[in-house]
Amino acid sequence: LAASWNQTLSNASTQWSGSGIYCDTSIDGIGTCWPRSGAGQMVSRPCPEMFYGVRYNTTNNVYRKCLANGTWALKGNYSMCKAILHEEKKGKMHYQIAVIINFLGHCISMVALLIAFFLFLCLRSIRCLRNIIHWNLITAFILRNATWFIVQLTMSPEVHESNVIWCRLVTASFNYFHSTNFFWMFGEGCYLHTAIVLTYSTDKAPQVDVPSAFGWCIPFPIIVAWAIREAL
């Protein structure tokens, strides 16, 4: 990169070979390389391709005056350099599409979870410890999705800035139900492991109170500790 930069300066230095007072090769604060030019000349260079992450139209030019005393004008005229905004609009469109897809995905998930929930509720004949754990996991997913919708529909930069109590409660609830998802999945795994281990054993399988306490109760002190830390 340094070699390329030095080569650019070298090429710029050879563009003017006249006699008399001249302005030497210079690079301004934007990064535009100004070649050696005679005093009194108005020099043009292509607009920078990118500056601070924003792309510019390089077909336009930036101008800078070589003064009569052989020094460059303090600033170049970048008024003709226009930012390319269609990429920004394109990025906003992609973001909006992603938001819509996200909402649709959560809606489809919510419908499927509610159907499964009511099937477990109505079909009493299939209730056993394994299916009760499934039912609780589905309930955790439903509550997590419900609080996600509340967060998306009610939260705004102004609400975050005000940091009102209901905003804290909604955020804490979302994080709590999000945590219960993982604990109930872990409970599912523990139950399957226990069922396999106890297949040829006379020991009894754990009652429903054990996974319920694990799935719903353990995340609670974790979220309380997180909420206290955030409040400090």
### Query
Exactly one of (1) aromatic (Phe, Trp, Tyr); (2) modelled with pLDDT under 90; (3) within 21 Å of Asn102 (Cβ to Cβ) is unmet by Phe214. Its number?
(3)
### For Ser109: the one exception among (1) among the polar types (S, T, N, Q); (2) under 14 Å from Ile30 (Cβ atoms); (3) modelled with pLDDT of 90 or more
(2)
### Query
Taking Ile97 and the conditions (1) within 34 Å of the chain's Cα centre (by Cα); (2) modelled with pLDDT under 85, which numbered condition does it fall short on, given that it satisfies the others?
(2)
### Task
Could you tell me whether any residue of the stretch 71-92 is touching a residue at least 40 places away in the same chain (Cβ under 8 Å) and over 39 Å from the mean Cα position of the chain (by Cα)?
yes
### Query
Which one is modelled with the lowest pLDDT, of the residues in the stretch 33-85 that are of a type in the set (Val, Ile, Thr), more than 30 Å from Gly20 (Cβ to Cβ) and assigned to a loop (DSSP other than H, G, I, E, B)?
Ile84
### Task
Inspect the stretch 18-29 for any residue being in contact with a helix residue (DSSP H, G or I) (Cβ under 6 Å, 6 or more places away or on another chain) and either outside any loop (DSSP other than H, G, I, E, B) or surrounded by 14 or more Cβ atoms within 10 Å (Cβ to Cβ) (or both) and give the result as yes or no.
yes
### Query
Looking only at the stretch 175-194, which residues are more than 26 Å from Phe118 (Cβ to Cβ) and in contact (Cβ under 8 Å) with a residue 40 or more places away in the chain?
Asn175
### Query
Can you name every residue in the stretch 125-174 that is in contact (Cβ under 8 Å) with a residue 40 or more places away in the chain and either crowded, with 19+ Cβ neighbours inside 10 Å or over 18 Å from Trp226 (Cβ atoms) (or both)?
Leu129, Arg130, Ile132, Ile133, His134, Asn136, Leu137, Ala140, Phe141, Phe149, Gln152
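The values are calculated or read from the model by the stated rules, or taken from the named source; none is laboratory data. These figures come from a predicted structure and were not determined experimentally. Because the Cβ atoms are built from the backbone with ideal geometry, glycine has one as well, and the counts that use them run over all protein chains shown.
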